[in-house]
Every structure is written in C-alpha cells, then in structure tokens.
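Participant: Sharing a structure with you now.
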Amino acid sequence: MAQLELFHTYFYNIDASNYEKNLEKALWLGNSSVDALYRQKKADGVYNRLLQYSLVQKVLNIESKVDIQNEPYKFETKTIFEINRGTITDTYELTTTGNLIHVDRNFPNNTHGLLITNFFESTLQKLENYESRKK
C-alpha cells in the first residue's frame with residue numbers, strides 16, 4: 001500500500017543530510033503514536049548518533065499486509081533496511097503494526113487521505129547474510 005511504503009521510507013530511510021526533512025514528512029502521515037515513537041527515539045539519542053557517526057540508514061524492501069474489511073484497517077509491515085557505519089553494514093528486518101483511518105487529504109503533506117494510528121515497532125531482527133539470500 002502506497003501510504004505505508006511512503007511512511008516507512010520517510011521514517012526509516014535517513015541519514016545526516018535528510019533525516020529532519022524525511023521525519024517531518026513522516027509525522028504528517030501518522031497520529032500521536034508516530035510522534036511519541038519519534039520523540040522516544042530522539043530522547044534515546046538515535047538521531048544524535050546518526051549525525052555523530054555519519055550513519056546512513058537505507059530502506060531496501062517494504063512489504064505490508066492490510067486488512068481492508070473494516071475501518072480502522074489493521075496493518076503489519078516488514079521493512080528491511082541496512083545501517084552503514086563506514087566499513088561495516090548491518091541489515092535488519094523491522095516489523096511494525098498499526099491501523100489506518102480515513103482523514104481529509106492534505107496536499108502535499110498527506111495526499112492519500114489516510115492516517116496511521118496505534119503505530120508500534122513490534123520486532124527488530126538482525127539479518128545475517130541478507131545479500132547472499134537475495135541472489
């Protein structure tokens with residue numbers, strides 16, 4: 001689903017040069033649950049480390065399952081991303097869950113008219129040999 005792919009790209013595809021702009025865009029796509037996670041990551045020093053160590057976090061793949069039977073629409077998204085720490089690159093799979101609800105479209109901030117609610121990072125797993133599994 002385009003809304004979830006857009007959000008996960010903005011929220012997790014970050015580096016020192018784009019993180020503020022990307023996170024601002026991501027925050028338009030979610031409610032206070034997204035903002036609370038952002039504030040927690042900020043308090044934990046995630047974004048300071050990004051700057052301090054010139055880390056590059058790059059999204060490689062996003063797959064979402066959405067139950068569109070009844071609103072709010074429940075979703076589960078698996079995002080595979082890598083963190084480049086100079087000579088070392090680690091790959092992770094993050095599973096997030098939440099709901100989508102209809103809201104008024106807000107151009108250019110929320111063009112799909114959907115808002116992410118109850119957003120939660122449920123599991124984070126380091127992937128070994130991700131590159132060799134893709135081939």
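Please treat every number below as a calculation from the coordinates, not as lab data. Quick caveat: nothing in here was measured; it's all calculated off a predicted structure. Note that each Cβ is placed from the backbone with ideal geometry, even for glycine, and that neighbours are counted across all protein chains shown.
Participant: Residue 51: aliphatic (A, V, I, L, M) and surrounded by 14 or more Cβ atoms within 10 Å (Cβ to Cβ), yes or no?
Facilitator: When the stated conditions are applied, residue 51 does not pass them.
Participant: Still on this structure: From the list 19, 12, which one is touching a residue at least 40 places away in the same chain (Cβ under 8 Å) and either hydroxyl-bearing (Ser, Thr, Tyr) or on the phi > 0 side of the Ramachandran plot (or both)?
Facilitator: 12
Participant: Looking at 63, 71, can you tell me which residue is more than 13 Å from residue 7 (Cβ to Cβ), of a type in the set (Asp, Glu), in a strand (DSSP E or B) and in contact (Cβ under 8 Å) with a residue 12 or more places away in the chain?
Facilitator: Selected residue: 63, the only one of 63, 71 that is more than 13 Å from residue 7 (Cβ to Cβ), of a type in the set (Asp, Glu), in a strand (DSSP E or B) and in contact (Cβ under 8 Å) with a residue 12 or more places away in the chain.
Participant: Related question: How many residues does the stretch 57-94 contain that are surrounded by fewer than 15 Cβ atoms within 10 Å (Cβ to Cβ) and closer than 15 Å to residue 123 by Cα?
Facilitator: 1
Participant: Restricting attention to the stretch 74-94, which residues are of a type in the set (Val, Ile, Thr) and touching a residue at least 24 places away in the same chain (Cβ under 8 Å)?
Facilitator: The answer is 77, 79, 80, 83, 91.
Participant: Right, next: Among the residues of the stretch 88-117, which ones are assigned to a strand (DSSP E or B), under 13 Å from residue 28 (Cα atoms) and more than 18 Å from the chain's Cα centre (by Cα)?
Facilitator: 106
Participant: Which ones in the stretch 1-47 are of a type outside the set (S, T, N, Q) and not in a helix (DSSP H, G or I)?
Facilitator: 1, 14, 15, 16, 28, 29, 30, 44, 45
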